[in-house]
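**Student:** The structure is given below, and queries will be raised subsequently.
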Amino acid sequence: MIVAGGISLGLLLGYALQRGGYCMNTAFRSFYLEKDRSLVRAWAVVLLINVIGVALLTELGVLLPEVAPFFWPAAIVGGFVFGIGMVLAGGCASGTYYRCGRGMLGSIAALVGFVIGTALIDGGALVEIQQQLRGTTIDVSGREATLFNLLGLESTAARWLLIAGISIPAIVWLSRAPKQRFLIGWGWRKTGAAVGVLALATWVISAMQGRDFGLSFTQPTVALTRFLVTGDSAGISVASFIVIGVPIGAFLAAKAAGEAILRMPDPGRFVRQFGGGATMGLGASIAGGCNIGHSITGVSTLGITAITSTAFIMLGCWVMTGIVYRSERRKMEAEIAAMRSAVPQGETS
Amino acid sequence: MNRTTVNRIIPIVMAAAAITLTATIVLGIIDGTLTGGSPITSGQSVFAAGGSTLQVDEDLEGGILVIADPATEIRVLDPADASERGRIELGREPATITPTPGGVSVFVTFPDTEEIEVYSTTEFEHETTIAPEGGDGRTPEDLTFSENGDTLFVTWRDSDAVSVFSHSMLGLSFRYEFATPDAHGPLYRNRRATRLYRGSGSGIEIYFAQNGEHIDTITLPGEQADNEAWVFNARHTHLWGTDASGNPIVVDEAASSAREIDISASPEIAPVIPADTEHALYVDAAQTGVFAFDARSGNRLADVTFSEKVLDELGGRIARIVDTGAGPVWAIGVSGKIAAVDPATLSIADVHDAGARETVMAVSSIVQQDGNFACF
Amino acid sequence: MTTAFGANAPEAVNNRENWGGIRMSDQKEQKADRTVDLLSEVCPYTFVKSKLELEQMETGQILQIHLGNSESASNVPRSVDLEGHEVLSVDQTEPSHWVVTVRRA
């Protein structure tokens, strides 16, 4: 039943991600380069649903969220590396998964890279890096590293006060959003609500399996790979089934919209996306999570490691986007200079 | 397949997926997997005599590990009827037996060596020998696994040190070691194994498990019983132990405070808290019956004195109680016979003769759940 | 080059409301001054290249951007619009091919 539930959730999630074009790479980048905040708003809706939902489920005793220890060097380095990889791969961990389902071969290359990257660290040749960076942890009064514990909030009322303090400004900001134009597929409200509810549902069906964590892509990918390669089923959980369902759901959504098509990027871009995927894999394994495990699920528990990691994923994303932007501009300027010196012509193709 | 057919099928697939997902969650709520078992009931009415509805899933792996006579072997008993599934030959008397959280292996220590022997509880064979790095010839005293099995905490005989190991596939890699001055006895961990608790006679010392820092001391209302036994409820909100005169002590994990319940329980026999009821069960001082408390509120729910017929079978006294992790709790009598007790109603379902005479140790090694992981 | 939507175009694109009032036929007569093919590109390259192309152009000139995925076809016009340029149209010409026409501000 849980397997069926997991695959169903994955199908729905893949469908929602594809219909909503839910790309966290774009959301993170938009702070730096663009003025459009639609995907940031979608992310905020997801967090809003999950911060409140997870706190409620915890209060009801359904789950006790697992929170990463505050191994700050790993969160910083891993997050930054992941952010860089995400730009090169042309999509975050979840984005790569759902674009694979749509038939984008570049994303399939990125996924293969991601799998290799994670395998190199988790029990692989580069495991030492992870161990070194995770060796230093900061103690938050001897409890899990969450904002609740950092602020010393013991009582239920104080915890909910903090949640209200975070949620209310977010709701006010969201309510002032301008109309989203040029929409293809779902708008940010619908996308955020769908992804948010499915992320929360993941917590619930995971709890039924004794797994106190929500949606994630990194660990389930590692576990799935290990299972397929060595037959060792340790670590296979409902999240692994979700990961299987996502590309299928995305394929169905793309098929319905007539967007499912095998598309091969040019060789350079193909290699770049593969390298980006591998870099993402390394980063995610060091930091202990990706844009989903940390930036959605971890942040929902107000985990300090997740918040730190997310900040550095953003920073890595901005730095790499800046590099790409500058190098593309230089390339274009060189092209124009070359053209001017040859036959003066106004158009390129 | 033409496009209209495709467009008609896809929403149906998605609707089916949504229904399956909803059904999974609803079923989880109905069968109690989500809420952690039946709600706690109190009052005498639930303790009606008669047949019990205890059921044990037959597909469970592992078993109840009992060290009886001779003490050089582990008997693996079926939790349903206490029948013997097999015996693990140790060759000598063990110091401790600790099942892995997965339940299919057991770590065994011996009084005179730092090496840990690992045996399979399903094949009853020796699997591997682990010489823990940093053991330095010391002898392990107690082993404590984190809930997901990725970490093992080892305490040593004649040393106040605690060593922390990463555990994977029956291999240990040393992480660090820290000292616990004045503390002794087994270690207890909170649910995430972020905190470790160790008794120091009149108090419980708390350490941060990620760097070994001493955080706090909980002062106990009375001197701790010699058995040094504590047990957490499944949600790890309350730690239950006993003082030297047999009064149960409840420690509130979040508040780091302890209180005593004035009732005479046996100071020798360790209490148990089955996960599906969260009832803290104590054997009374006369060792002829059981007290039940709500593990979270500390409310006394009920107590029963076993009937003379049952006590006769048990040899007159209860020697220990074991949480089988699979439904019933076993009250093992001095005769070696086992009474299967329903932890919700305290009614006795069955009395089995498992030949577990002179039981010196008994632990559950049942696989209940699959999927509790360290990474994201 | 730009044809009407196929029967399978996503609803929202067909929905005029989401178009900011731009009529489909407006751009049919438009002649592009520049064309950029980003069919096999993904974010952030789609936006970066579109932005750079626009920077090279003069006010009033028209840029035609060819995009190969729905996210880009949704995000690029929105971002370009917020940069102050005028998005004349977004057309899905094939199942996985969108053409965005922009007038440089």
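**Student:** Please list the three semi-axes, largest first and in whole Å, of the ellipsoid equivalent to segment C:31-103, using sqrt of 5 times the eigenvalues of its alpha carbon gyration tensor.
**Tutor:** Working through the eigenvalues yields semi-axes of 17, 13, 11 Å.
**Student:** Mind giving me the nanometre distance, one decimal, between the label points for A:VAL229 and C:GLN61, set 7 Å out from Cα along Cα→Cβ?
**Tutor:** Output for this residue pair reads 5.0 nm.
**Student:** On to the next question. Within 15 Å, Cβ to Cβ, of B:GLU133, how many net charges do the neighbouring residues add up to if Lys/Arg are +1 and Asp/Glu are -1?
**Tutor:** Its environment carries a net charge of -2.
**Student:** Around B:SER202, what is the net charge, scoring Lys/Arg as +1 and Asp/Glu as -1 over all other residues with Cβ under 12 Å from its Cβ? Present the calculation step by step, with values, prior to reporting the outcome.
**Tutor:** Details: positive: none; negative: B:ASP182, B:GLU205, B:GLU223, B:ASP243.
Every neighbour counted, the sum reads -4.
**Student:** Now for a different question. Any chance you could tell me what percent of the C-alpha pair distances in segment A:1-130 go past 17 Å?
**Tutor:** Within segment A:1-130, distances greater than 17 Å cover 72 percent of Cα pairs.
**Student:** Is there a simple number for the mean count of other chain Cβ atoms within 10 Å of the Cβ of residues in C:82-88, and what is it? Mind showing how you got there, number by number?
**Tutor:** On the way: counts 7, 3, 1, 0, 0, 2, 0.
Across the residues of C:82-88, the mean count of other-chain Cβ atoms within 10 Å is 2.
**Student:** Just to be sure I understand: with springs between alpha-carbon atoms less than 10 Å apart, which residue in B:SER347, B:SER307, B:SER146 has the highest mean-square fluctuation in the Gaussian network model of chain B?
**Tutor:** Answer for the Gaussian network model of chain B: B:SER307.
**Student:** How big is the shadow of the Cα convex hull of the protein assembly as shown, averaged over all directions, in nm²?
**Tutor:** Computed as one quarter of the Cα hull surface, the answer is 37.2 nm².
**Student:** Now a separate question. What share of Cα pairs, in percent, lie more than 12 angstrom apart in segment A:161-208?
**Tutor:** 73 percent
**Student:** Shape verdict for segment A:243-349, please, from the Cα gyration tensor: rounded (a/c under 1.5), prolate (a/b greater than b/c) or oblate.
**Tutor:** oblate
**Student:** While we're here: Considering only chain B, what is the antiparallel percent among its DSSP beta bridges, to the nearest 5?
**Tutor:** 100 percent
**Student:** Counting partner chain Cβ atoms within 10 Å of every residue's Cβ in A:257-267, what's the average?
**Tutor:** Per-residue shielding by partner chains comes out at 5.
**Student:** Just the projected area, averaged over all directions, of the convex hull on the alpha carbon atoms of segment B:169-219: how many nm²?
**Tutor:** 4.2 nm²
**Student:** Quick one: which of B:256-268, A:33-45 comes out on top by average Cβ neighbours within 10 Å, and what's the full order, highest first?
**Tutor:** The peptides rank, most packed first, as A:33-45, B:256-268.
**Student:** Hey, got the average number of other protein chain Cβ atoms within 10 angstrom for residues in A:20-26?
**Tutor:** Mean partner shielding for this stretch: 5.
**Student:** Tell me the angle of helix A:267-287 to the major Cα principal axis of chain A, expressed in degrees between 0 and 90 and rounded to the nearest ten.
**Tutor:** 20 degrees
**Student:** Show which aspartates and glutamates lie in cross-link reach of B:LYS337 when reach means a straight Cα distance below 15 angstrom and same-chain residues fewer than eight apart are skipped.
**Tutor:** Leaving aside aspartates and glutamates fewer than 8 places away in the same chain, those within reach of B:LYS337 are B:ASP69, B:ASP78, B:ASP81, B:GLU84, B:GLU308, B:ASP312, B:GLU313, B:ASP350, B:ASP353, B:GLU358.
**Student:** Still on this model: With a 10 Å radius around each residue's Cβ, average the other Cβ atoms per peptide and rank A:117-128, A:15-26, highest first.
**Tutor:** The peptides rank, most packed first, as A:15-26, A:117-128.
**Student:** Another one. What order, most packed first, do the peptides B:169-181, A:285-297 have when packing is the mean number of other Cβ atoms within 10 Å of each residue?
**Tutor:** Going from most to least packed, we get A:285-297, B:169-181.
**Student:** Could you work out the local net charge near B:VAL304, counting Lys and Arg as +1, Asp and Glu as -1, over the other residues with Cβ closer than 11 Å to its Cβ?
**Tutor:** Charge balance near B:VAL304 sits at -3.
**Student:** Taking every pair of Cα atoms in segment A:1-57, average 1/r, invert it to obtain the Kirkwood radius, and report Rg/Rh to two decimals. Intermediate results must be reported in sequence, preceding the final value.
**Tutor:** On the way: Rg = 14.2 Å, Rh = 13.0 Å.
Radius of gyration over Kirkwood radius for segment A:1-57 works out to 1.09.
**Student:** P(r) tail for chain A, what percent of Cα pairs lie past 25 Å?
**Tutor:** Summing the P(r) of chain A above 25 Å gives 53 percent of all pairs.
**Student:** Rounded, prolate or oblate: pick one for segment B:199-250, where a ≥ b ≥ c are the square roots of the eigenvalues of its C-alpha gyration tensor, a/c under 1.5 means rounded, and failing that, prolate if a/b is larger than b/c, else oblate.
**Tutor:** Numbers: a/c = 2.38, a/b = 1.44, b/c = 1.65.
Note, shape of segment B:199-250 comes out oblate.
**Student:** Give the Cα extents of segment B:70-177 along the principal axes, in whole Å, largest first.
**Tutor:** The principal-axis extents, from largest down, are 42, 29, 20 Å.
**Student:** Let me make sure I get this right: for chain B, a, b and c are the square roots of the gyration tensor eigenvalues over alpha carbons, sorted descending. Under 1.5 in a/c it's rounded, otherwise prolate if a/b > b/c, else oblate. Which is it? Kindly include the intermediate steps, with their values, before the conclusion.
**Tutor:** Numbers: a/c = 1.40, a/b = 1.15, b/c = 1.22.
Because its axes are fairly even, with a/c under 1.5, chain B counts as rounded.
**Student:** Moving to a separate point now. With axes computed from alpha carbons, what is the tilt in degrees of helix A:72-89 against the longest principal axis of chain A, rounded to the nearest 10 within 0 to 90?
**Tutor:** Tilt relative to chain A: about 40 degrees.
**Student:** Need one number for segment B:219-348: average projected area of the convex hull over its C-alpha atoms, nm².
**Tutor:** So the mean shadow area of the Cα hull is 7.0 nm².
**Student:** Could you work out [θ]222 nm for chain B from helices alone, using -39500 (n - 2.57) per DSSP H run of at least four and dividing by all its residues? Round to the nearest 500 deg cm²/dmol.
**Tutor:** The helix contribution divided over chain B gives -3000 deg cm²/dmol.
Taken together, the values in this text are just the output of simple stated rules run on the coordinates, not laboratory data. Since the model is a prediction, treat every value here as computed from it, not as a measurement. Cβ sites come from the backbone with ideal geometry, for glycine too, and all protein chains shown count toward neighbours.
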